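What follows is one structure encoded as structure tokens, with my remarks underneath.
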Amino acid sequence: MNDSERYLAEKGVDLLSTCTPYQVGNVPRFGEHCAWMESSAVVYINSVLGARTNTEGRESSAASMLTGRTPYCGYHLDEHRLGTHLIEVTHPVVTTEDWNVFGYWVGEQVQDAVPVIVGPGLTPSPVQLKQFGAAAASSGDVEMYHVVGVTPEASTTEQALGGRKPRATSVYDAA
């Protein structure tokens, strides 16, 4: 442990040293405001847990840690959490590898928008949702997504879109 880590540990900071802190006990509650910086963790807690964060930088997340506050903007606000793009799935997405490929494709389609994913038989596991989000964050800049009937803010397509029409619709098919 270096001096900086020792100092933080003495102040009560949990030094998890992982890019997936929700897998080792740091699991934010639905609606909880956080200041996280790792892209795959950000998309997971926004989408799967329903907690709220933007992708923070090192300095802003440290400032939030010290003050217990984070700027009330971006994905902390309800209106920015609504879906913007509809993704219709017509080709089976079943295995973890399928979810990886699908996530990479979705990120390319929507870039920094919020996709709403619909289709029959979509029953991803938490690991598959993690892989999907990490891939979408890598190929685009996805910080949040909705899988209708799976993620907490997407019981229906209408709920995920907030009653709005999608900006664009893409179809994920065998091609």
Notebook entry, point to check: With the Cα gyration tensor of the stretch 19-58 giving a ≥ b ≥ c as the square roots of its eigenvalues, does the rule (a/c under 1.5 for rounded; else a/b larger than b/c for prolate; else oblate) give rounded, prolate or oblate?
Noted result: oblate
Checklist line | Choice from Tyr72, Tyr145, Tyr104 with maximal GNM fluctuation in the chain (Cα, 10 Å cutoff) | finding: Tyr72
Note to self: Based on alpha-carbon centroids, what's the gap between the stretch 15-89 and the stretch 118-168 in Å, whole number please?
What the structure shows: 15
Margin query: Using a Förster radius of 35 Å, what is the FRET efficiency between Val27 and Ala168 based on their Cβ-Cβ separation? Nearest 0.05, please.
Written below: 0.60
Note to self: Probe of 1.4 angstrom, ligands and nucleic acids ignored: what's the accessible area per residue over the stretch 39-175, in square angstrom?
What the structure shows: 47
Next item on the list: Quick one: accessible surface of Phe30, probe radius 1.4 Å, all protein chains present, in square angstrom to the nearest 10.
Entry: 130
Next item on the list: Give me the distance in nm between label points sitting 7 Å out from Cα along the Cα-to-Cβ direction at Ala9 and Ser60, one decimal.
Entry: 3.0
Item checked: Percent RCO, i.e. relative contact order, over the chain, from Cα pairs under 8 Å lying at least 6 residues apart -> 24
Next item on the list: Averaged over every viewing direction, what's the projected area of the C-alpha convex hull for the stretch 1-147? Give it in nm², one decimal, please.
Entry: 9.1
Note to self: Could you identify which residue out of Pro120, Pro152, Pro92 has the top mean-square fluctuation in a GNM of the chain using Cα springs shorter than 10 Å?
What the structure shows: Pro120
Next item on the list: Take Ser61, Ser39, Ser138 and sort them by solvent-accessible surface of the protein heavy atoms, 1.4 Å probe, largest at the top.
Entry: Ser138, Ser39, Ser61
Item checked: Within-15-Å neighbourhood charge of His91 [Cβ basis; K, R +1; D, E -1] -> -4
Item checked: Carbon + sulfur, % of accessible area of the chain - ligands and nucleic acids excluded, 1.4 Å -> 51
Checklist line | 222 nm mean residue ellipticity, helices alone, for the chain (DSSP H n ≥ 4; -39,500 (n - 2.57); rounded to 500) | finding: -9500 deg cm²/dmol
Notebook entry, point to check: Rounded if a/c is under 1.5, else prolate if a/b beats b/c, else oblate: with a ≥ b ≥ c from the C-alpha gyration tensor eigenvalues square-rooted, which is the stretch 39-114?
Noted result: prolate
Item checked: Residue among Thr151, Thr67, Thr55 with the largest mean-square fluctuation in a Gaussian network model of the chain, springs linking Cα atoms under 10 Å -> Thr67
Margin query: Need one number: nm distance between label points at Glu158 and Ser17, each 7 Å from Cα along Cα→Cβ, rounded to one decimal.
Written below: 5.1
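The values are calculated or read from the model by the stated rules, or taken from the named source; none is laboratory data. Since the model is a prediction, treat every value here as computed from it, not as a measurement. Every residue, glycine as well, gets a Cβ built from its backbone with ideal geometry; the counts of neighbours run over all protein chains shown. The accessibility values were calculated without ligands, DNA or RNA, using every heavy atom of the protein model including side chains. Shrake-Rupley method; radii C 1.70, N 1.55, O 1.52, S 1.80 Å.
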